[in-house]
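To keep things clear, I will list the structure first and then write my remarks on it.
The values are calculated or read from the model by the stated rules, or taken from the named source; none is laboratory data. Everything numeric here is computed off the predicted structure, so don't read it as measured data. Every residue, glycine as well, gets a Cβ built from its backbone with ideal geometry; the counts of neighbours run over all protein chains shown. Just so you know, the surface numbers come from the protein's heavy atoms only, side chains and all, with ligands and any DNA or RNA stripped out. Shrake-Rupley method; radii C 1.70, N 1.55, O 1.52, S 1.80 Å.
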Amino acid sequence: MRPTMRDVARRAGVSLKTVSRVVNGEVGVRPDTAEKVNDAIAALGFRRNDIARALRGGKRTRSLGLVIKDVGNPFYSQIARGVEEVARAHDLFVISGCSDEDPARERHLIRSLCERRVDGLLVVPSAADHRYLIPELKMGTAAVFMDRPPEEAIQADVVLIDNVGGARAGVEHLIAHGHRRIACLADLPGIFTARERRRGYDEALQAHGIPVDESLVRLGPHDVAGAEAAIAELLALGDPPTAVFTGNNRLTIGALRAIQAAGSRTALVGFDDFELADMLATPVTVVAHYPAEMGRRAAELLCRRMDGEDLPPQRVLLPTRLIVRGSGESPPL
């Protein structure tokens, strides 16, 4: 059993009120008595339950809830890093969990965090319906969404990447190097970022008078293995694509494996940078952005909301940039 203030009072030979005053830094305790209480605290290893104290007093718990998709993906771990940096600067504690792109898991995590009375929520949403959050928002829990916006029923701040503009720039780069048969590999079509990056792909082709060939589009591969299989299928076509645009870092890795296995010179541009992309035999050209900055901006917005800022919901759009390394510059055979 963890020691309680009653245990401290018993060991120090003082009243419970005296221990409470020492623990909470209140005045009115003689120095020698305070020393006895602190000695008892050290001997017993007593720790104050700040959350319970905050709940009893109706105060803030100085904690944030962070819900991301997959901490194993560097994109999401970098978001978490940016959040932690801001939380540390504001003396806040972060409780995080992974939804694994499961709406039911997301709802469970968010409800659990609210039961623990976090002061604010930072969410990369998987669910399409966030109306279950409305009661919490009305009771004063601040929320900021990242990477994907909530549904229209939820009025909250959101920090996004310029998905359409970044995808368009990546595909136009391939077009500028002579490619016309450009495949598109994107995540599940229900995911906001996948839809937006597909839209950027379509816009780039249409702007250059190139018809969108649906036989070169694969939506739904969700991991490295799925991406590898999809690209292998495309490269086996009678008239295969000469270039590939991939919608995220995991899909890019799968595409690289398929291209290498086929011994193909297929050009490649991927959305999201990833570790060692510049160290491969042919370094990978990517549409880069800064997920840690997304985490920082979202956490800063949340802190301002928690401090009482009352402005209309903010929609922050973070820019991307094309990093040219070699894989996207191969001309079509």
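Being part of a helix (DSSP H, G or I), open to solvent by less than 60 Å² (accessible area, probe 1.4 Å) and hydrophobic (A, V, I, L, M, F, W, C) is the filter here, so list the residues in segment 257-301 that pass it.
Hits for segment 257-301 are Ala258, Ile259, Ala292, Met294, Ala298, Ala299, Leu301.
For segment 163-214, give me each residue that is in a loop (DSSP other than H, G, I, E, B), more than 26 Å from the chain's Cα centre (by Cα) and in contact (Cβ under 8 Å) with a residue 12 or more places away in the chain.
Correct list: His177, Gly178, His179, Arg180, Arg181, His208, Ile210, Asp213.
Is it the case, given these coordinates, that Gly328 is open to solvent by less than 20 Å² (accessible area, probe 1.4 Å), over 22 Å from Pro150 (Cβ atoms) and not aliphatic (A, V, I, L, M)? Steps first, answer last, please.
Working: open to solvent by less than 20 Å² (accessible area, probe 1.4 Å): yes; over 22 Å from Pro150 (Cβ atoms): yes; not aliphatic (A, V, I, L, M): yes.
Against the criterion (open to solvent by less than 20 Å² (accessible area, probe 1.4 Å), over 22 Å from Pro150 (Cβ atoms) and not aliphatic (A, V, I, L, M)), Gly328 qualifies.
Inside segment 316-333, can you point out the residues that are farther than 19 Å from Gly270 by Cβ and modelled with pLDDT of 95 or more?
Here is the first cut: in segment 316-333, the ones farther than 19 Å from Gly270 by Cβ are 316-317, 333.
Those that are farther than 19 Å from Gly270 by Cβ and modelled with pLDDT of 95 or more: Val316, Leu317.
Looking at segment 1-60, which of the residues that are of a type in the set (Asp, Glu) and at pLDDT 80 or above is farthest from Asp119 (Cα to Cα)?
Asp32
Which of the residues spanning segment 94-120 are on the phi < 0 side of the Ramachandran plot, out of contact with any Lys or Arg (no Cβ under 6 Å at 6 or more places or on another chain) and in contact (Cβ under 8 Å) with a residue 60 or more places away in the chain? Before you say what the answer is, go through the steps one by one.
We begin by selecting, within segment 94-120, every residue on the phi < 0 side of the Ramachandran plot; these are 94-99, 102-116, 118-120.
Restricting the remaining residues to those that are out of contact with any Lys or Arg (no Cβ under 6 Å at 6 or more places or on another chain) gives 94-98, 102-116, 118, 120.
Matches in segment 94-120: Arg116, Gly120.
So which residues in segment 135-162 are free of Cβ contacts under 8 Å to residues at least 60 places away in the same chain, among the charged types (D, E, K, R) and open to solvent by 20 Å² or more (accessible area, probe 1.4 Å), if there are any at all?
The answer is Glu136, Lys138, Glu151, Glu152.
Matching residues to (1) under 19 Å from Val123 (Cβ atoms); (2) of a type in the set (Gly, Ala, Ser); (3) under 23 Å from the mean Cα position of the chain (by Cα):
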residue: Leu256; (1), (2), (3): no, no, no
residue: Ala261; (1), (2), (3): no, yes, no
residue: Asp272; (1), (2), (3): no, no, yes
residue: Asp278; (1), (2), (3): no, no, no
residue: Val286; (1), (2), (3): no, no, yes
residue: Arg297; (1), (2), (3): yes, no, yes
residue: Glu300; (1), (2), (3): yes, no, yes
residue: Arg305; (1), (2), (3): yes, no, yes
residue: Gly326; (1), (2), (3): no, yes, no
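So, in segment 311-325, of the ones that are part of a loop (DSSP other than H, G, I, E, B) and open to solvent by less than 80 Å² (accessible area, probe 1.4 Å), which residue ends up nearest to Met294 (Cα to Cα)?
So, considering only residues that are part of a loop (DSSP other than H, G, I, E, B) and open to solvent by less than 80 Å² (accessible area, probe 1.4 Å), the one nearest to Met294 (Cα to Cα) is Thr320.
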